[in-house]
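Heads up: the structure comes next, in structure tokens.
The values are calculated or read from the model by the stated rules, or taken from the named source; none is laboratory data. On a predicted model such as this, the values are computed, not experimentally measured, just so you know. Counting neighbours? That spans all protein chains shown, and the Cβs are built from the backbone with ideal geometry, glycine included. Just so you know, the surface numbers come from the protein's heavy atoms only, side chains and all, with ligands and any DNA or RNA stripped out. Shrake-Rupley method; radii C 1.70, N 1.55, O 1.52, S 1.80 Å.
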Amino acid sequence: RWRTAPVVSEWCRTPTTSMVRGARQVRRYHVSLVSSASYLTPYAQLSAKHKSAFQRASKRAGYRYAMVKARYKPQVRSGGSLRLRVRWHNAGSAATYDEWRVQAVLMRKGRARATTDLGWDLRRLRPGAKTFGRRFTLPALPRGRYTLAIVVRDPRGYLAPMRLANEGRTKGRYS
């Protein structure tokens with residue numbers, strides 16, 4: 001089921017239910033969302049073991065994308081070709097079900113100067129790692145130093161850009 005639609009779970013208190021068991025099932029059944037609203041024991045009253053299990057389950061549910069490695073030639077002439085390869089890792093239990101757009105953005109002095117849609121479909125990035133690659137032509141830009149940023153956007157413009165699970169990610173705007 002998880003290959004075509006999200007799996008959502010609701011944890012309720014029964015003699016055979018535990019947060020530890022639920023945390024194992026998140027990975028096993030590729031759960032995208034966990035809820036514990038029906039769980040009778042308030043979170044504050046759970047044992048440390050069960051709190052840890054619930055935190056682990058909540059962190060692993062759904063997708064959790066990070067860019068592991070990016071490879072490209074650091075110096076490219078204006079109008080030249082850039083080959084970009086990015087190794088992604090999904091530490092979550094499922095892929096996204098939304099059609100996000102992965103874009104390469106060339107930044108200079110805090111502003112986006114050029115944006116290219118890379119055509120990478122993150123719905124194909126199931127738990128584990130995958131490398132995506134693309135060669136594209138840079139537009140004619142003034143000579144200077146640029147920063148290459150990878151941005152994952154909602155094509156409808158409704159959601160904010162995806163927050164990747166990378167340390168050191170920027171908080172800037174890429175428009």
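Of all residues in the stretch 102-129, how many are under 16 Å from the mean Cα position of the chain (by Cα), touching a residue at least 40 places away in the same chain (Cβ under 8 Å) and surrounded by 19 or more Cβ atoms within 10 Å (Cβ to Cβ)?
Matching residues across the stretch 102-129 total 5.
Could you please find all residues in the stretch 21-46 being crowded, with 16+ Cβ neighbours inside 10 Å and at pLDDT 85 or above?
Answer for the stretch 21-46, where residues must be crowded, with 16+ Cβ neighbours inside 10 Å and at pLDDT 85 or above: Gly22, Ala23, Gln25, Val26, Arg27, His30, Val31, Ser32, Val34, Leu46.
Take the residues of the stretch 88-101 that are open to solvent by 20 Å² or more (accessible area, probe 1.4 Å) and not in a strand (DSSP E or B): which is nearest to Arg145 (Cα to Cα)?
Trp100
Can you name the residue in the stretch 4-20 that is open to solvent by 40 Å² or more (accessible area, probe 1.4 Å) and touching a residue at least 12 places away in the same chain (Cβ under 8 Å) and, of all such residues, is nearest to Arg126 (Cα to Cα)?
Among them, the one singled out is Pro6.
Determine whether Pro161 is touching an Asp or Glu at 6+ places or on another chain (Cβ under 9 Å) and modelled with pLDDT under 95.
Judged against the criteria, Pro161 is a match.
I'd like to check something: does the stretch 136-157 contain any residue that is within 30 Å of Arg28 (Cβ to Cβ), in a loop (DSSP other than H, G, I, E, B), out of contact with any Ser or Thr (no Cβ under 8 Å at 6 or more places or on another chain) and modelled with pLDDT of 90 or more?
yes
Against the definition (farther than 30 Å from Val34 by Cβ and open to solvent by 40 Å² or more (accessible area, probe 1.4 Å)), how does Arg85 come out, yes or no?
Judged against the criteria, Arg85 is a match.
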